[in-house]
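The values are calculated or read from the model by the stated rules, or taken from the named source; none is laboratory data. Everything quoted here is computed from the prediction, not taken from an experiment. Cβ placement follows ideal geometry from the backbone for every residue including glycine, while neighbour counts extend to all protein chains displayed.
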Amino acid sequence: DEPIRVGAATYGLQGEFMQLWSNSLQRHPAVESGQVEVTVFDGRYDALVQNNQFESMISRQYDAILFVPIDADACASAVAMAASAGIPVVGSNALCNTDQLAAYVGSDDVLAGEMLANSVLTQLDYQGNVVILEGPIGQTGQIDRGRGIDKVLSEYSEVNVLERRTANWSRAEAMALMENWLTSHRGQIQGVIAQNDEMAIGAIEAIIASGLSVNDFAIAGADGITDALTAVKEGHMESILQDADAQAQGGLDVALRLVKGESYQPLSPIWDEYSELEWNDGQSELYYVPWTPVTLDNVEQLLEKRAR
Amino acid sequence: MSQQVLAKDKGVEEPAKNSGISKRLSDFMVSYGIIIAFLFICAVLSVISPYFLSTNNLLNVLRQVSINGVLAIGMTFVILTRGIDLSVGSLMACSSIVAASFAAGSEASFILVPIMMGLVTGLTLGAVNGLLIARFAIPPFVMTLGMLSMARGLTYIYNDGMPISNLDATFRFIGQGVVLGMPVPVLLFLGVFLISWFTLRYTTFGRYVYAVGGNPQAAMVSGINVRRVTFTVYAISGLLCGLAGLMIAARTGAALPQAGVAYELDAIAAVVIGGTSLAGGRGRIVGTLFGVLIIGVLNNGLDLLGVSSFYQQVVKGGIIVLAVMLDRSRLSSS
Amino acid sequence: MSQQVLAKDKGVEEPAKNSGISKRLSDFMVSYGIIIAFLFICAVLSVISPYFLSTNNLLNVLRQVSINGVLAIGMTFVILTRGIDLSVGSLMACSSIVAASFAAGSEASFILVPIMMGLVTGLTLGAVNGLLIARFAIPPFVMTLGMLSMARGLTYIYNDGMPISNLDATFRFIGQGVVLGMPVPVLLFLGVFLISWFTLRYTTFGRYVYAVGGNPQAAMVSGINVRRVTFTVYAISGLLCGLAGLMIAARTGAALPQAGVAYELDAIAAVVIGGTSLAGGRGRIVGTLFGVLIIGVLNNGLDLLGVSSFYQQVVKGGIIVLAVMLDRSRLSSS
Amino acid sequence: MSNNLLLEASNITKSFSGVPALENGVLRLRPGSIHALCGGNGAGKSTLLNILMGVLPRDGGSIKIEGRDVHFSSPKDALGFGISMISQELEPVPELTVAENIFLGREPKKAGFIVDYRRMFDQARDVLGELNIQIEPTVKLGSLSIAEIQMVEIAKAISQNARIIIMDEPTSAIGERETELLFEAVHKLKDRGAGIIYVSHRMNELFRIADDYTIMRDGTFVGTGSMGDIDRKYLIDTILGKELQEEFSKFNVPGEREILRVEHYTRHGEFKDISLSLKEGEILGIFGLMGSGRSEFLNTLFGINAPHDGEAWIDGAKFTPRGPRDAMDAGMAYVTEDRKGNGLLVGSSIRNNISMASVKKVSKLGLVSSRKEAKVARLQVENHQIKSSSIEMEVRHMSGGNQQKVVLAKWLQTDPNILMLDEPTRGIDVGAKREMYRFMSEFSRNGKGVIMTSSEIPEILGMSDRVIVFRKGRLAGELSGSDLNQDNLARLSS
Ligand SMILES: Nc1ncnc2c1ncn2[C@@H]1O[C@H](COP(=O)(O)OP(=O)(O)OP(=O)(O)O)[C@@H](O)[C@H]1O
Ligand SMILES: Nc1ncnc2c1ncn2[C@@H]1O[C@H](COP(=O)(O)OP(=O)(O)OP(=O)(O)O)[C@@H](O)[C@H]1O
Ligand SMILES: [Mg+2]
Ligand SMILES: [Mg+2]
């Protein structure tokens, strides 16, 4: 019989993380077996484009939609459209402020912010000067991770934030920014809190280019992209892994449960990997995929998994 | 450079003279080769995808192009005078966030207030562009690039970089409502199109726009106030950015400070695909309409077909080049 | 008649004769008002920020501008012929990922292989731009916009959208090495600048570039192969995108498929701020150098001062407009 | 008398970047008169007229209209005072129709802002009809030839119903027939009481229509008076500031050897079955009415367009150019009719323009020797008495006649054997014309040949050894020796 058609509306496919996310979607057992057909849409980092793509998916009567919105507010009208067309929408990776999402499978960005800040502050012994590299201002990821960072920082008055600027998730921008900061705060910066790994790597490159030693800095980033894993292995930074597999495949399982009904059993291996993540017959509204701190202990294993 | 640079249109006109209607038709086709390209793309898409030609989907396309359409129409005015407006995306975002701030939450003002605020914001920023370009002869590229950056900064400052959501239902009607079976944004776009078409074709101001772009010195010697015309086209573009700002906020239900990044490229592309020359003085708003539609139909069609996004970029770029190539080669071969 | 000619000539030259050097200097300043703007910005920054003038920071600035600098130089050639190249960012990304694929990991090829592959990729794509523009009279805006999209798509396809890191140390030397106290990217940028300056100023090809941009029909009638010149400038721009691709991959230690988005705006801005006219035929590569430096110094200086990103955008846009305004008003008043 | 003056300009001064262009501009225009403003190239005529029109601001001096002091800040003001101008540099808006160009800025309107096209086309048709100009008001201006554009500009200025009409070289691009149409119109305007300021380097015209004259030299006023009081020689000598020897100095002798032969050249819609030959030492004139296809023929011969049919030989060798480069390599040079459109880089220096078609001559291994290039440019400037502040001067700042000389200099620098000149004396002054004629003789004396088109009959008669006449794109005949006279030219061409 006809395969089930699922549309995956991503905010954009330019970064490595979304790339991993959509690749893992294609590796979901139900997709590989041909029961399910997934089409990935590139939202081009634009809420309006995502809105347009929702209209196309509704026209084509997709059975379910997996949604990674660029913005938590501007996504609501798209979800409402799908809901009124009777198409279930499952959020993944980034939240949407609406009560019409069937479910959400993702990681908590506020928590990520807290973990990032904690990781740097622990290394600094809760005192010293840090700089913060942020995502594009106004994007949900930037706002939420920023919130988490602020929450932690507000508790430790001996930590000084020297600079806080956006580098738009970009390695090259972060690199130039960090070079300039290393000049204007020569010898003062001890920690770098980067809202994502790309920017953390940019900061590391800047430190190396300025002839300083990376080991003199406490650096943390989020997402667990491959370069970050390598950098952790070299002891250059700390990172927290956002599990693209779990978010993508978990989301798809939840969506398929909505389409196929009670008989559906989750096919992705991720439900076994995380004890904290309970299937609950696909009935939960929120599935928080835990962040995994990347450590010297698990990094080899993670790299190996990535190579597959 | 085609070889016929020096040959005038003589060759074109002579053989055609005998046949009245067929000449008109062929004239039309030559001037609007882009329409043929558009119809061809549509034909191909409707063969490949059964969904493409559904009323529903066609309305989708129209709704989807309406914002770029409004921006591209303002851009047409500007480009016809040899100018360029890179700031449209930022002006749109700025207007949308100002408007939204009066339409959000429980203290939302009467619907006309946010509308006016959005339009006035766009108009004002556009007027600043126009004033400095007309008065101080700053190259439009530099002025509007500066404005792109300044207006974006102001947008972030205005609401501390945070989006504004929870917009009033009446306000959202601008983006989501339907009147007589037509989505409101589509009606707005078509309204703007008709007014602009009429303005460029039938009003003295329209003549002046072409004259200023075609030969500013001649326009000046003919007693046309070149500065005023220049100023006005940027103000028009700004005003339409304001309208687009209302439309995008109302449509997505939120005003985002980062909205509209790189929209200038799509707007300019629509204008140029539509046959308007960046050298000024030559082009038509109908061309822009079809430029907008080609871009919109490609985005929609490739999404419908589920073409993977990497290949989409290759295909889209290629088709745009091809469409224009066919259009231009028709012109030069005849 | 000849008497009067002589008389007139005398009248013209006399006032200048007394003051040879100072006249030359003032001539220089008038043509390069942008240099004054640049020096002024530097002066202000060095007063406000004690770090600005340090050798270290100046080297930083140079290193940071070198990639945009290389792109802007290629863009200067293109714009001088009345063209535009919107595809530079994509071409750079494409070249960088192709080059990196030969320089990554343990199977990295001999250093010259990735370098050649990167340059050839840029050159080839640029040549495609040039061929279609020169041969089929596709407007450069449309062609390079199409290429922007196509090359980006190809970049993603080439390595499945994944970045390539773990680059060979020899390769990274291109971006991170230091020779005689100067960072390698800076040396590359300066080398490209000198060669281009020399080409435009002293070679027959340089003359043809100006002639084609100044009046393509006159150039054609004068026996200049307009198509070949047009083709060549886009090929040059492509080649320099290839170089920039090597530089950015080597500098950041990875080739990212999403690199270089919107870089065309900065490159064009540098050219236009430097006084080159988008209408073609007028401009100098020295102007571009200072256009690049102004943008770079502003980015660096505002970072040093710790100006918040929102205000940075406003200030940066404003200063660019102001600098150009001063430059142009000098011209028109004299 | 001064109270009766329509316009009185005195002591007008103007300088560009400190270089004076106008030191003492004087003009007194009576109502109902045609006033010839005379002067050599670069004398400051256009500068003065542009100031009168409000296109340029003046540095000093006064302008009175009917006794009232006026200060125009833009042409709009001047138009408001009933002044209109046909400027020397044609100012068409190519993408607008003929009618739209004619009525630009004063379109017939409905409801205050909507263009009444019906009325506009009708009125344009009337205006053109009254002048006997056969141009459809609905075609785009850009599709017309230069001559036609010039006629439209004339129609435009006349239709403005101005009291003062400035005509800066209105006949430089048109033929004798069109000139007659213009003169008729000018007389009508004069009879209505309008004052016309008329600039032309064609002396015959001035004596035919002008009532008064004002002579300028080097930006200063030299004299004024009634045309009836002076003769041709006085006028010419006063313009030049010295005596002019004979006007046409012709001393070339055609030889026997054929250096160019064309057979059955055809380009559909442009010209058909043109055959001709050029001998060494010969000056071959091509005459025809406006639109007869002379320029198109020359374009094709120079390889700009490809012929649809026909063959050509140069020095006996088959000649099939694929572009101007091939023609140049075969020893041809071509001074085109439209110097701004395809002759000059107006934004570049004199030096660059002169070397443009022959950069290779001043280069080695692709490197241009600035020194050689400058030397060559200086030599040309001197030889042709090109008036300029230096060889680095931008061409757009030069007077029209001097620009024309730059185009000629550019082509001479390529050292051609066959020189094709399309309306070569367009806009150049009497002194320079004489130099041009001398030059043509000199040039063709050395075993080379010249092909020249001209709409000035005296020039064609005075300089050509033989004349080919075009009519509607076809060869109407060939005239030489005693057959070569005005009547035969007129008969064959129309
Ligand atoms: N914009 C300008 N900048 C610099 N010099 C100028 C400018 N315009 C005119 N000139 C100079 O002023 C002088 C007078 O020029 P003008 O055009 O008035 O001469 P003209 O009498 O009309 O000559 P022609 O018969 O050749 O048209 C010339 O030497 C010219 O080079
Ligand atoms: N049969 C025709 N149909 C339409 N347009 C024509 C026709 N004949 C001439 N023309 C117009 O007249 C223009 C003049 O042609 P061309 O330049 O060859 O004439 P010419 O003999 O060189 O005369 P001149 O240069 O003095 O105008 C053509 O480009 C065209 O616009
Ligand atoms: Mg003149
Ligand atoms: Mg002609």
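Working carefully through the options A:Gln127, A:Gln195, A:Gln190, find the one that is under 23 Å from A:Val232 (Cα atoms) and at pLDDT below 95.
The match here is A:Gln127.
Just to be sure, is D:Ser390 more than 16 Å from ligand 4 (Cβ to nearest atom), within 17 Å of D:Asp218 (Cα to Cα) and facing another protein chain (nearest Cβ under 9 Å)?
In short, yes.
Every residue, every condition in (1) surrounded by fewer than 24 Cβ atoms within 10 Å (Cβ to Cβ); (2) basic (Lys, Arg); (3) farther than 20 Å from D:Gly293 by Cβ, yes or no:
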| site | (1), (2), (3) |
| --- | --- |
| D:Trp411 | no, no, yes |
| D:Met420 | no, no, no |
| D:Glu423 | no, no, no |
| D:Gly449 | no, no, yes |
| D:Arg471 | yes, yes, no |
| D:Gly481 | yes, no, yes |
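Name the residue, out of C:Phe141, C:Phe110, C:Phe171, C:Phe136, that is of a type in the set (A, V, I, L, M, F, W, C) and under 27 Å from C:Val286 (Cα atoms).
So the residue among C:Phe141, C:Phe110, C:Phe171, C:Phe136 that is of a type in the set (A, V, I, L, M, F, W, C) and under 27 Å from C:Val286 (Cα atoms) is C:Phe141.
Of all residues being within 16 Å of ligand 3 (Cβ to nearest atom) and β-branched (Val, Ile, Thr) in the stretch D:156-175, which is farthest from the other protein chains (Cβ to nearest Cβ)? Just the residue, please.
Within the stretch D:156-175, the match that is farthest from the other protein chains (Cβ to nearest Cβ) is D:Thr171.
Looking only at strands (runs of 3 or more DSSP E) that fall completely inside the stretch D:256-356, which ones have 1 or more residues that are crowded, with 24+ Cβ neighbours inside 10 Å, within 11 Å of chain C (Cβ to nearest Cβ) and within 16 Å of ligand 4 (Cβ to nearest atom)?
So the answer is D:332-335.
Checking A:Asn129 against (1) touching a strand residue (DSSP E or B) at 6+ places or on another chain (Cβ under 9 Å); (2) buried (at least 23 other Cβ atoms within 10 Å of the Cβ); (3) within 14 Å of another protein chain (Cβ to nearest Cβ), only one condition comes out false. Which one?
With respect to (1) touching a strand residue (DSSP E or B) at 6+ places or on another chain (Cβ under 9 Å); (2) buried (at least 23 other Cβ atoms within 10 Å of the Cβ); (3) within 14 Å of another protein chain (Cβ to nearest Cβ), A:Asn129 is out only on (2).
Residues are listed down the side, and each one gets a yes or a no for (1) part of a helix (DSSP H, G or I); (2) under 30 Å from D:Asp77 (Cβ atoms); (3) of a type in the set (Lys, Arg):
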residue	(1), (2), (3)
D:Ala173	no, yes, no
D:Leu182	yes, yes, no
D:Val186	yes, yes, no
D:Tyr213	no, yes, no
D:Thr224	no, yes, no
D:Ile236	yes, no, no
D:Ser249	no, no, no
D:Val253	no, no, no
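Would a scan of the stretch D:194-209 turn up a residue that is farther than 18 Å from D:Gln88 by Cα, crowded, with 19+ Cβ neighbours inside 10 Å and in contact with a Leu (Cβ under 7 Å, 6 or more places away or on another chain)?
yes
Considering D:Asp237, D:Asp218, D:Asp211, which residue is within 16 Å of ligand 3 (Cβ to nearest atom), under 20 Å from D:Lys45 (Cβ atoms) and either at pLDDT below 95 or more than 21 Å from the chain's Cα centre (by Cα) (or both)?
Unique residue meeting the criteria: D:Asp218.
Name the one entry in C:Val292, C:Val324 that is of a type in the set (Val, Ile, Thr) and within 12 Å of chain B (Cβ to nearest Cβ).
One residue alone meets the criteria, C:Val324.
Report whether or not D:Arg426 is modelled with pLDDT under 90 and away from ligand 4 (no atom under 16 Å from the Cβ).
no
Can you say whether D:Glu148 is more than 27 Å from D:Ser455 (Cα to Cα), more than 16 Å from ligand 1 (Cβ to nearest atom) and surrounded by 23 or more Cβ atoms within 10 Å (Cβ to Cβ), as far as the supplied structure shows?
No: the conditions fail for D:Glu148.
Tell me, yes or no, whether the stretch D:347-365 has at least one residue that is within 16 Å of ligand 3 (Cβ to nearest atom) and within 24 Å of D:Leu90 (Cα to Cα).
The answer is no, given that none of the residues of the stretch D:347-365 is within 16 Å of ligand 3 (Cβ to nearest atom) and within 24 Å of D:Leu90 (Cα to Cα).
Among the residues that make up the stretch C:52-74, is at least one of them within 23 Å of the chain's Cα centre (by Cα) and hydroxyl-bearing (Ser, Thr, Tyr)?
Scanning the stretch C:52-74 turns up at least one residue that is within 23 Å of the chain's Cα centre (by Cα) and hydroxyl-bearing (Ser, Thr, Tyr).
Here is a yes/no grid of residues against (1) out of contact with any Asp or Glu (no Cβ under 8 Å at 6 or more places or on another chain); (2) surrounded by fewer than 22 Cβ atoms within 10 Å (Cβ to Cβ); (3) in a helix (DSSP H, G or I):
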| position | (1), (2), (3) |
| --- | --- |
| A:Thr230 | yes, yes, yes |
| A:Ala246 | no, no, yes |
| A:Gly251 | yes, no, yes |
| A:Val254 | yes, no, yes |
| A:Val259 | no, yes, yes |
| A:Ser263 | yes, yes, no |
| A:Leu267 | no, yes, no |
| A:Asp272 | yes, yes, yes |
| A:Pro290 | no, yes, no |
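Restricting to the stretch D:66-107, give me the number of residues that are more than 10 Å from chain B (Cβ to nearest Cβ), aliphatic (A, V, I, L, M) and surrounded by fewer than 22 Cβ atoms within 10 Å (Cβ to Cβ).
Selection size over the stretch D:66-107: 1.
C:Phe171 - would you say it is under 20 Å from the mean Cα position of the chain (by Cα), buried (at least 23 other Cβ atoms within 10 Å of the Cβ) and more than 8 Å from every other protein chain (Cβ to nearest Cβ)?
No.
Mind listing just one residue for me: the one in the stretch C:121-160 that is surrounded by fewer than 22 Cβ atoms within 10 Å (Cβ to Cβ) and more than 24 Å from B:Val324 (Cα to Cα) and, of those, nearest to the other protein chains (Cβ to nearest Cβ)?
C:Ile157
Here are some conditions: (1) over 24 Å from the mean Cα position of the chain (by Cα); (2) more than 30 Å from D:Ile133 (Cα to Cα); (3) surrounded by fewer than 22 Cβ atoms within 10 Å (Cβ to Cβ). D:Ile12 meets all but one. Which one does it not meet?
Of (1) over 24 Å from the mean Cα position of the chain (by Cα); (2) more than 30 Å from D:Ile133 (Cα to Cα); (3) surrounded by fewer than 22 Cβ atoms within 10 Å (Cβ to Cβ), only one is false for D:Ile12: (3).
Residues in the stretch C:276-288 that are in contact with a Leu (Cβ under 9 Å, 6 or more places away or on another chain) and more than 7 Å from every other protein chain (Cβ to nearest Cβ): how many?
Count: 6.
Hey, D:Leu419 hits all of (1) of a type outside the set (Gly, Ala, Ser); (2) away from chain C (no Cβ under 11 Å); (3) within 21 Å of D:Glu169 (Cβ to Cβ); (4) away from ligand 4 (no atom under 16 Å from the Cβ) but one; which does it fall short on?
Here D:Leu419 clears every test but (3).
Scan C:Phe173, C:Phe141 and give me the residue that is over 20 Å from B:Ala270 (Cβ atoms) and assigned to a helix (DSSP H, G or I).
Every option except C:Phe173 fails the conditions.
Before we move on, is B:Ala259 farther than 25 Å from D:Phe81 by Cβ, assigned to a loop (DSSP other than H, G, I, E, B) and either within 14 Å of chain D (Cβ to nearest Cβ) or within 20 Å of the chain's Cα centre (by Cα) (or both)?
yes
Consider D:Glu247 against the criteria (1) within 21 Å of the chain's Cα centre (by Cα); (2) of a type in the set (D, E, K, R); (3) in the same structural domain as D:Gly32 (by TED's automatic domain parsing): it satisfies all of them except one. Which criterion is unmet?
So the condition that D:Glu247 fails would be (3).
Kindly indicate which of D:Gly142, D:Gly61, D:Gly129 is more than 13 Å from chain B (Cβ to nearest Cβ) and either in contact (Cβ under 8 Å) with a residue 40 or more places away in the chain or within 16 Å of ligand 4 (Cβ to nearest atom) (or both).
D:Gly61
Consider the stretch D:20-58. How many of its residues are near ligand 1 (Cβ under 9 Å from one of its atoms), in contact with a helix residue (DSSP H, G or I) (Cβ under 9 Å, 6 or more places away or on another chain), within 14 Å of chain B (Cβ to nearest Cβ) and of a type in the set (A, V, I, L, M, F, W, C)?
Number satisfying all stated conditions: 1.
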